[in-house]
Amino acid sequence: MTATAPDTLADGIAGSEASLRKFLHGLPGVDQVGADQRAAMLATRSIKTTAKEWALDLAIRMVDLTTLEGQDTPGKIRALAAKAKRPDPDDPTCPSVAALCVYPHLVPVAAAELKGSGVHLASVATGFPSGQVPLDVKIADTKAAVTAGADEIDMVIDRGAFLSGRYLEVQEQIQAVKQAAGAAHLKVILETGELATYDNVRRASWLAMLAGADVIKTSTGKVQPAATLPVTLIMLEAVRDFRDQTGRQIGVKTAGGIRAAKDAIRYLVLAKETAGEDWLDPDWFRFGASTLLNDLLMQRAKMRTGRYSGPDYFTLD
Amino acid sequence: MPDAGGRLAVRKTYKLYVGGAFPRSESGRSYEVTDAKGRFLANAALASRKDVRDAVVAARKAFPGWAGRTAYNRGQILYRIAEMLEGRRDQFVSEISAAEGLSARKAEPYVDAAIDRWVWYAGWADKIAQVHGNANPVAGPFFNLSSPEPTGVVGIVAPQKGPLLGLVSVLAPAIVTGNTAVVLASEQHPLPAITLAEVLATSDLPGGVVNVLTGRPAETAPWLASHMDVNAIDLAGVDNPALAADLERAAAENLKRVIRPAPTPDWRADPGAGRLTAFLETKTVWHPKGA
């Protein structure tokens, strides 16, 4: 995609506003019609029987079980943690989800519940969902979450700065949060619903990756439109090209509006066909979701028992 | 095929009725419907198990709204269905006479009885609670009230014979109390059920309260009977005893309420309240009386 040598990519362009802008605006433009059609075409693929069973289990293992409501209570977090560990208590073969995703304030409760379970604990930080707080507050927010036991941090970028072209500011903020997060995995939320164009999605993806993101994530789930197939396609292309050039693999997380198992499988097809099979792993692809999990479990029960299941048999959360 | 007047006949291909809309079968299949003498009448959609699944989702979605209507309002809507049916009386008469090989004069009483049956059940809407609810005397200072509530989504295998009157006689008692229904129409004679769906779509009945699937009940009924999100099933139209037994067994998995097939009932007889109460749950409330 670009001619820059791999090891000097980040060094060569990060550091000055002008070189960063030159690089981001030098990225090839996204063919919007083409991206929409490619995503729509891949969505028609039919996944059945054993492939579907495999995909459902993989999708369950990729779920970041999320609750980000003002009305969240410690009791709700404990209930959700139990569900994260054993999504379907009737079926011991059902895998656990990838992570539980909560507000920083509730991280200590979740950490106590998830200890030793192998389920990761993600916390949103940096003034989620708007990100409109001073940098030192973002850093303090992040540090508090990590200290309390979160091993994954979901940060939001400053869309105001990005959209007005202050790329260096966005980059420095991501770097500062990355430093504050320490060993914790950093997921950078681009909030594609507010970025207006596919070109911006591509630029924001590269900006986040250059700044040191471990995962790039579509949305907070608080803005419509949230995750869409074409946007995820563009982000998957970005992580694929980034690995080709730097050798570093970046994960993708898609969040918001994915409610049906069928939709989740479409995203898996997209990930395989765009980035490759390396991304078909909970370490590299995630779904931020809450209602999706129940539909995955219902489909799984249907495959196992041969009869349609119903919402009466799964927890409400 | 030109008829005597030189006009081309309009060959109809009917669709399903799911969630207030008229979709094609997910499978894309259809089958030929013939009259009593084997002549082509129309094409009807041949529903698949996925149509059953979609219909149950639609019925479940419509349930809280329909059950939450006042009984009085449900009665009004059932009465409205009778009015709309009256307006299509001639169409039903010709469909029934074609399907069953009756003369129009012999088919008319069945259509009239079907219309009257809607009115009769409409009247029950705000009376069932008085008849089947109760204020129970208890040994304590409490009001103790039992009231009937709808059970939820009801699967109905419509009678194979009596495509209109039989269908109305099993459908009306299920929905008047606040249940929602997924109907598998008569395989041989689906046209009155399709026309009834067109009537329902234009008579204030919220979408999804009644969903009509045409096709082969032998193929689709097992999916309905085993569906864990269906609360009750009426096997009126299952003529094959072995299939009926299988369906009852499948329905037992989540303790569905089941109406077992009765040998060729006379739909014109007084129906009684049996089918009304079959799909009700009793809720009992204790309330302190004070003093």
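The values are calculated or read from the model by the stated rules, or taken from the named source; none is laboratory data. The structure presented is a predicted model; accordingly, all values stated were derived computationally and were not measured. A quick note on method: Cβ atoms are made from the backbone with ideal geometry, for glycine too, and the neighbour counts reach across all protein chains shown.
Condition check ((1) closer than 30 Å to residue B:138 by Cβ; (2) among the acidic types (Asp, Glu); (3) in contact with a Ser or Thr (Cβ under 9 Å, 6 or more places away or on another chain); (4) surrounded by fewer than 12 Cβ atoms within 10 Å (Cβ to Cβ)) across all residues:
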| position | (1), (2), (3), (4) |
| --- | --- |
| B:247 | no, no, yes, no |
| B:259 | no, no, no, no |
| B:262 | no, no, no, yes |
| B:265 | no, no, yes, no |
| B:270 | no, yes, no, yes |
| B:281 | yes, yes, yes, no |
| B:287 | yes, no, no, yes |
| B:290 | yes, no, no, yes |
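The residues of the stretch A:91-128 that are touching a His at 6+ places or on another chain (Cβ under 9 Å) and over 23 Å from residue A:221 (Cα atoms) amount to a single one, A:114.
Of the set (1) in a loop (DSSP other than H, G, I, E, B); (2) at pLDDT below 95; (3) not hydrophobic (A, V, I, L, M, F, W, C), all apply to residue A:281 but (2). Can we say residue A:238 is among the aliphatic types (A, V, I, L, M) and at pLDDT 95 or above? Yes: the conditions hold for residue A:238. Test residue B:198 against the stated conditions and say whether it is farther than 23 Å from residue B:269 by Cβ and part of a helix (DSSP H, G or I). It is true that residue B:198 is farther than 23 Å from residue B:269 by Cβ and part of a helix (DSSP H, G or I).
If you go through the stretch B:235-255 one residue at a time, how many are away from every other protein chain (no Cβ under 14 Å) and touching a Phe, Trp or Tyr at 6+ places or on another chain (Cβ under 9 Å)? Spell out how you get there, then give the answer.
In the first step, residues of the stretch B:235-255 are kept if they are away from every other protein chain (no Cβ under 14 Å); the result is B:235-245, B:248.
Next, only the ones that are touching a Phe, Trp or Tyr at 6+ places or on another chain (Cβ under 9 Å) stay: none.
Final tally of qualifying residues: 0.
Looking at the structure I just gave you, is residue A:249 polar (S, T, N, Q) and either on the phi > 0 side of the Ramachandran plot or in a helix (DSSP H, G or I) (or both)? Criteria not met by residue A:249. Number of residues in the stretch B:152-191 that are part of a loop (DSSP other than H, G, I, E, B), among the aliphatic types (A, V, I, L, M) and under 24 Å from residue B:11 (Cβ atoms): the value is 2.
Would you call residue A:289 within 16 Å of the chain's Cα centre (by Cα), buried (at least 24 other Cβ atoms within 10 Å of the Cβ), of a type in the set (Gly, Ala, Ser) and closer than 21 Å to residue A:170 by Cβ? The answer is no for residue A:289. The requirement of being within 14 Å of chain A (Cβ to nearest Cβ) and either within 25 Å of residue A:299 (Cα to Cα) or crowded, with 20+ Cβ neighbours inside 10 Å (or both) is fulfilled nowhere in the stretch B:183-206; no residue meets it. Of everything listed in (1) surrounded by fewer than 21 Cβ atoms within 10 Å (Cβ to Cβ); (2) in a helix (DSSP H, G or I), the single unmet condition for residue B:121 is (1).
Do we have any residue at all in the stretch B:38-60 that's assigned to a loop (DSSP other than H, G, I, E, B) and modelled with pLDDT under 95? Please lay out each step first, then the result.
First, pick out the residues of the stretch B:38-60 that are assigned to a loop (DSSP other than H, G, I, E, B): B:38-39, B:46-48.
This time we only want the ones that are modelled with pLDDT under 95, so: B:38-39.
Scanning the stretch B:38-60, I find at least one residue that is assigned to a loop (DSSP other than H, G, I, E, B) and modelled with pLDDT under 95, so the answer is yes.
Among residues of the stretch A:292-317 being of a type in the set (A, V, I, L, M, F, W, C), buried (at least 19 other Cβ atoms within 10 Å of the Cβ) and more than 11 Å from residue A:63 (Cα to Cα), the one that is farthest from the other protein chains (Cβ to nearest Cβ) is A:297. For beta carbons closer than 7 Å, sequence separation of 6+ or different chains, a first residue in the stretch B:74-101 that is within 16 Å of residue B:33 (Cα to Cα) and a second that is modelled with pLDDT of 95 or more and of a type in the set (Val, Ile, Thr), the qualifying pairs are B:92/B:111; B:92/B:195; B:95/B:195; B:96/B:111. Of the residues A:270, A:297, A:293, the single one that is farther than 30 Å from residue B:230 by Cβ and part of a helix (DSSP H, G or I) is A:270. Taken together, B:208, B:215 contain a single residue that is closer than 22 Å to residue B:74 by Cβ and modelled with pLDDT of 95 or more, which is B:208.
Output the strands (runs of 3 or more DSSP E) that fall wholly within the stretch A:114-220 and possess 2 or more residues being touching a Pro at 6+ places or on another chain (Cβ under 7 Å), or say none.
A:120-125
Just one of the numbered conditions (1) within 14 Å of chain A (Cβ to nearest Cβ); (2) surrounded by fewer than 16 Cβ atoms within 10 Å (Cβ to Cβ); (3) among the polar types (S, T, N, Q) is not true of residue B:151: (2). Filtering the stretch B:219-234 to residues that are within 18 Å of residue B:49 (Cβ to Cβ) and either touching a strand residue (DSSP E or B) at 6+ places or on another chain (Cβ under 9 Å) or within 12 Å of chain A (Cβ to nearest Cβ) (or both) leaves B:220, B:221, B:222, B:223, B:224, B:225, B:226, B:227, B:228, B:229, B:230, B:233.
Each residue in the stretch B:1-16 was checked for being buried (at least 16 other Cβ atoms within 10 Å of the Cβ) and either in contact with a Gly (Cβ under 9 Å, 6 or more places away or on another chain) or modelled with pLDDT under 95 (or both), and 1 of them qualify.
One residue stands out among those in the stretch A:282-291 that are out of contact with any Gly (no Cβ under 6 Å at 6 or more places or on another chain) and farther than 12 Å from residue A:97 by Cα: the one that is farthest from the other protein chains (Cβ to nearest Cβ), which is A:285. Among the residues making up the stretch B:256-270, those that are among the hydrophobic types (A, V, I, L, M, F, W, C) and either within 28 Å of residue A:312 (Cα to Cα) or within 12 Å of another protein chain (Cβ to nearest Cβ) (or both) are B:258, B:259.
Residue-level check: of (1) free of Cβ contacts under 8 Å to residues at least 60 places away in the same chain; (2) in a strand (DSSP E or B), residue A:96 misses just (2).
Among the residues of the stretch B:12-54, those that are among the acidic types (Asp, Glu) and more than 14 Å from chain A (Cβ to nearest Cβ) comprise B:32, B:35.
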